[in-house]
Amino acid sequence: MDKIHITELKEYTAQYPEKLPIRLEVKCRGKTLESEIEIPKGHYRNPMTDREIESKFVRLTGITDTLEDMWTMEDREVVELV
């Protein structure tokens, strides 16, 4: 039994790169839940806040002690970062 189906919608593809639309449909126990987004978070037209970037970084890496280094990287000498 296939659990995931991916279908390209030409009208969505045609909107790229100005929009990056996606529609998600979940069927479970006889119910269907749908959600559609035209411009997802992180797209240049819907940027993430610094706080959201930090949260995503920590969630994906588990690292918290390098955040300050990341935000000040452009103002520091390479030797300080190594």
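Within the bounds of the stretch 46-61, is there any residue that is outside any helix (DSSP H, G or I) and touching a strand residue (DSSP E or B) at 6+ places or on another chain (Cβ under 6 Å)? Before the answer, list the steps.
Of the residues in the stretch 46-61, the ones outside any helix (DSSP H, G or I) are 46-49.
Those still in the list that are touching a strand residue (DSSP E or B) at 6+ places or on another chain (Cβ under 6 Å) too: none.
No, the conditions are met nowhere in the stretch 46-61.
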Task: Enumeration of residues in the stretch 41-82 that are at pLDDT below 95 and of a type in the set (Ser, Thr, Tyr) - done: Tyr44, Ser55, Thr61, Thr64, Thr66, Thr72
TODO: Search the stretch 59-82 for residues that are closer than 19 Å to Thr49 by Cβ and pair each with any residue that is surrounded by 10 or more Cβ atoms within 10 Å (Cβ to Cβ) when their beta-carbon atoms are under 6 Å apart and the residues are at least 6 apart or on different chains.
DONE: Thr64/Val58; Leu67/Glu54
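The values are calculated or read from the model by the stated rules, or taken from the named source; none is laboratory data. Not measured: the values here are computed from a predicted model. Quick reminder, even Gly has a Cβ in these numbers, built from the backbone with ideal geometry, and neighbours come from all protein chains shown.
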